[in-house]
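Presented below is the structure to which this report refers.
Each value in this text was obtained by applying a stated rule to the coordinates, not by laboratory testing. None of these values were measured; they are calculated from a predicted model. Cβ: placed from backbone, ideal geometry, glycine included. Neighbour counts: every protein chain shown.
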Amino acid sequence: MQNLWNDDEAAAFATAGELGLRVYSSRLLGRDPSLVLHGGGNTSLKHSEADVFGQPQEILYIKGSGWDLEKIEAAGFSPVLLDHARRLGSLPSLSDPAMVNELVSHMTRAGAPNPSVETILHALLPYRYVDHTHADAVLTISNTADGEAQIRELYGDSVVVIPYCMPGFDLARLVAERFPREVGPNTIGMVLLNHGVFSFGDSARQSYDRMIELVARAEDWLQARQAWTVSLPPPPAATAAQRLARAELRAEISRVAGKTLLLLGCADDTARAFAAQPAVTRLAGQGPVTPDHVIRTKRVALFGRDVASYAADYGRYFAEYRSRAKSACQMLDPAPRVVLDAEFGLCTVGSTVAEAQIVQDIYRRSITTFLRGEALGGYQALPAADLFDVEYWDLEQAKLRKKSATPPLQGGIALVTGAASGIGKATVSALLARGAAVIALDRDAGVHDCFPQPEVLAQTCDITDAAAVEAALEAGVRRFGGLDMLVLNAGIFPAGARIDALSDDLWRQVFAVNLDANLRLLRLGHPLLKRAPGGGRVVVIGSKNVPAPGPGAAAYSASKAALTQLMRVAALEWGADGIRINALHPNAVFDTGLWTDEVLASRAQQYGLSVADYKRNNVLQTEVGSRHVAELAAEMCGPLFACTTGAQLPVDGGNDRVI
Ligand code: ZN
């Protein structure tokens, strides 16, 4: 455990006063994933300031919900009237929604985020700075059969120990009752069994130092008991093609969930080795390291691939505990969020890559905690009933009811060829904007620089190389779980050659890219598209040259016409598999790599037009951009085209020869 405090850094934050230092040390905690992960933990500051009448008032600055400690700013702290928050802690009972209402209506800044659900607890602790984390090392010790005894022996009188209690108002009440009785001259913190640890102090530095000290002592405890360095036998060698089996599993998970979900793979060796362990069922079948995680990971993982049994078990769990919920609750979808499979390793489930990645980050750390807990005497999670209470907390259920509209392609996976420039690049952006994850292929290695976001798996791939295409598909499915949409965009347009001068080589070269490679992609993609939860979708980027060819482009026009005919046959053959396939015929899209300024100038001159007029030389007298083609390609993958297959649509500003 490293103390990250740096006086120079701190001095820069100190110019913003005590709240500045509150921001600084909160970020230090957030920077260490062994302390908090993805929105976990919270911090506060009690501060006196003048109100608008010049009267002093005590404010509790508490982390706002939705903020991550690592990136928190002063605006991420909710200013709550301290006296009011303290008085709430003296009530015999208060529902959590009523508690949130009281806190939100007693803040001094309109538009501040909702204060943390631990606000009253922070208010009751009589210290200026209070820090709370879900430190792995402390939880490892706490989550064992004799966890409480070990925690008491380890910390002696330096912490107050609070037995597990549901977070929110009940926990604040329990602390209000126990803490004053047990606090002593040596108290520097508080351990909430099976939940986390608090530290506090007069300054940001003191409170932070104490947190690091408490966690370091827990780490030393584990080390002294040979429960720190844990090792597993090496994972089984990665097997060959898994893509169909993975796509099958994702389809089943999506079916059970009633929505399209991603199945994010994890290449980490420890996770793969853990998934192949016989002990995995008992360890990961108990519950998460801290109850907070249950919202992300569900209580238990799916072992293997029997999704139907998992869903049935989940239904029984809900039926058994639903009467515990404080208000009427609605069952969450019964699909797993964590899958441990001997062959696939660890996979996590989510509607978006970000959501599935959070589950993966949490679970990879949990695996280490499970193993250390085993080495310490046996990992033991909270009983299912306690976890149910957090999973079906009325505050969480309220969030569900508020859910905003989901993007049309959320959870979907698309593959786009020729993705490093022009129409392909714009199509990747249009698909991302609609919520899809994208496998972006291009023979130009520049494709890796186009899309840094985790929703894109960029791969250098020459689509005429059959082995490379298969490897790219395999990698895409290992990453995202399947394939729902295919946009066949890559193509070549060689310099004009009339038929009498057309070489066999050029002819074959054009057909190899524009037709043969696409046939192969369709063939390889078909079994995956067939398993797409919302039905497979293919968009072929054709050309105006299909309905209206021009002289000097025989190879190009013939290859695009053949590709269009291939699309029409595929529409007939694959309709029964729920796959729809349509084509777009763009024309005069000048913002692509093909059209340099010189080429454009010389073409315009040939027609006796200025460049500007040449660009608008169509019925609507409008300029057609890559973006227009891309938006329509993405739209064709969405619900608007749910009943359309085998269709051809021009994107050309209107062409009198086509009309
Ligand atoms: Zn907590």
* Put +1 on the Cβ of every Lys and Arg and -1 on every Asp and Glu Cβ in the chain; which of Met99, Asn42, Leu82 then has its Cα farthest towards the positive end of the dipole? -> Met99
* Specify the inter-centroid distance of the stretch 441-504 and the stretch 362-385, based on alpha-carbon positions, in whole Å. => 43
* Protection proxy ranking, peptides 498-504, 643-649, average beta carbon neighbours within 10 Å, highest first -> 643-649, 498-504
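Which of rounded, prolate or oblate describes the stretch 320-363 when judged by the alpha-carbon gyration tensor and an a/c cut-off of 1.5? Please list the in-between numbers first.
Values: a/c = 3.06, a/b = 2.03, b/c = 1.51.
Note, shape of the stretch 320-363 comes out prolate.
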* Asked: Between the stretch 95-147 and the stretch 569-589, how many Å separate their Cα centres?
  -> 54
* Structure fact -> Under the 7 Å Cα-to-Cβ spin-label approximation, Val611 and Asp157 lie apart by a distance in nanometres of 8.3
* Structure fact -> Per-residue ellipticity at 222 nm attributable to helices in the chain (runs of n ≥ 4 DSSP H, -39500 (n - 2.57) apiece, nearest 500 deg cm²/dmol) works out to -13000 deg cm²/dmol
* Structure fact -> With +1 at each Lys and Arg Cβ and -1 at each Asp and Glu Cβ, the charge dipole magnitude of the stretch 358-441 around its Cα centre, to the nearest 20 debye, comes out at 500
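Stretch Asp656-Arg401 to full length: gain in nm at 0.36 nm per residue minus the Cα-Cα span? It would help to have the intermediate numbers written out before the result.
Values: separation 255, 0.36 × 255 = 91.80 nm, distance 5.17 nm.
Result: 86.6 nm gained on full extension.
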* **In the stretch 546-608, the trypsin sites (Lys or Arg not before Pro) that fall in loop regions by DSSP, at most 14 other Cβ within 10 Å** => none
* Between the stretch 188-241 and the stretch 609-659, what is the C-alpha centre distance in whole Å? -> 58
* Mind counting lysine pairs for me in the chain? Cα separation below 24 Å, and the two need to be 8 or more apart along the chain or on different chains. => 25
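Output the relative contact order of the chain, whole-number percent, from Cα pairs under 8 angstrom with separation of 6+ residues. Could you put the intermediate results ahead of the total?
On the way: 1242 pairs, mean separation 66.8, N = 659.
Computed over the chain, the figure is 10 percent.
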* Give me Cys461, Cys347 ranked fewest to most by other Cβ atoms within 10 Å of their Cβ, as a rough exposure proxy. => Cys461, Cys347
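Please work out whether the stretch 484-608 counts as rounded, prolate or oblate from its C-alpha gyration tensor, where a ≥ b ≥ c are the square roots of the eigenvalues and a/c under 1.5 means rounded, while otherwise a/b larger than b/c means prolate and anything else oblate? Intermediate results must be reported in sequence, preceding the final value.
Details: a/c = 2.58, a/b = 1.93, b/c = 1.34.
Prolate is the answer for the stretch 484-608, as a/c is 1.5 or above and a/b outweighs b/c.
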* Asked: What range in the chain is the longest one free of GluC sites (Glu not before Pro) that are in a loop by DSSP and have at most 16 other Cβ atoms within 10 angstrom?
  -> 344-622
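What is the sum of charges around Gly446, taking Lys and Arg as +1, Asp and Glu as -1, for the other residues whose C-beta is under 15 Å from the C-beta of Gly446?
Details: positive: Lys425, Arg443; negative: Asp442, Asp444, Asp449, Asp462.
With Lys, Arg at +1 and Asp, Glu at -1, the neighbours total -2.
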* To do: Would you work out the charge dipole size for the chain about its Cα centre, treating the Cβ of every Lys and Arg as +1 and the Cβ of every Asp and Glu as -1, and quote it to the nearest 20 debye?
  => 1600
* What angle, in degrees between 0 and 90 and rounded to the nearest 10, separates the Cα long axis of helix 353-376 from the longest principal axis of the Cα atoms of the chain? -> 40
* To do: Starting at the first residue of the stretch 126-133, write each ³J(HN,Hα) from the Karplus equation 6.51 cos²θ - 1.76 cosθ + 1.60 with θ = phi - 60°, in whole Hz, x for Gly and Pro.
  => x, 9, 5, 10, 10, 10, 9, 10
* If you take the square roots of the eigenvalues of the alpha-carbon gyration tensor of the stretch 370-430 and sort them as a ≥ b ≥ c, do you get rounded (a/c under 1.5), prolate (a/b over b/c) or oblate? -> oblate
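If you count, for each residue, the other Cβ atoms within 10 Å and average over each peptide, how do 432-440, 484-492, 239-247 line up from highest to lowest? Walk me through the numbers on the way to the answer.
Working: 432-440: 23.2, 484-492: 26.1, 239-247: 16.2.
The peptides rank, most packed first, as 484-492, 432-440, 239-247.
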* **the stretch 434-584, dipole about Cα centre (Lys/Arg Cβ +1, Asp/Glu Cβ -1), debye to the nearest 20** => 560
* Asked: Along the charge dipole of the chain, which of Ala172, Ile188, Tyr317 sits closest to the positive end, that is, farthest toward it, with unit charges on the beta carbon of Lys, Arg, Asp and Glu (+1, +1, -1, -1)?
  -> Tyr317
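Determine Rg/Rh for the chain; Rg is computed over alpha-carbon atoms and Rh is the Kirkwood hydrodynamic estimate from the same atoms.
Numbers: Rg = 29.9 Å, Rh = 28.1 Å.
Checking Rg against Rh, the ratio lands at 1.06.
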* **Label zone at Leu620, where the point sits 7 Å out along the Cα-to-Cβ direction: the stretch 575-606 residues whose backbone N lies under 17 Å** => 584-591
* Asked: Which longest uninterrupted range of the chain lacks any chymotrypsin sites (Phe, Trp or Tyr not before Pro) assigned by DSSP to a loop state (not H, G, I, E or B) and surrounded by at most 13 other Cβ atoms within 10 Å?
  -> 54-606
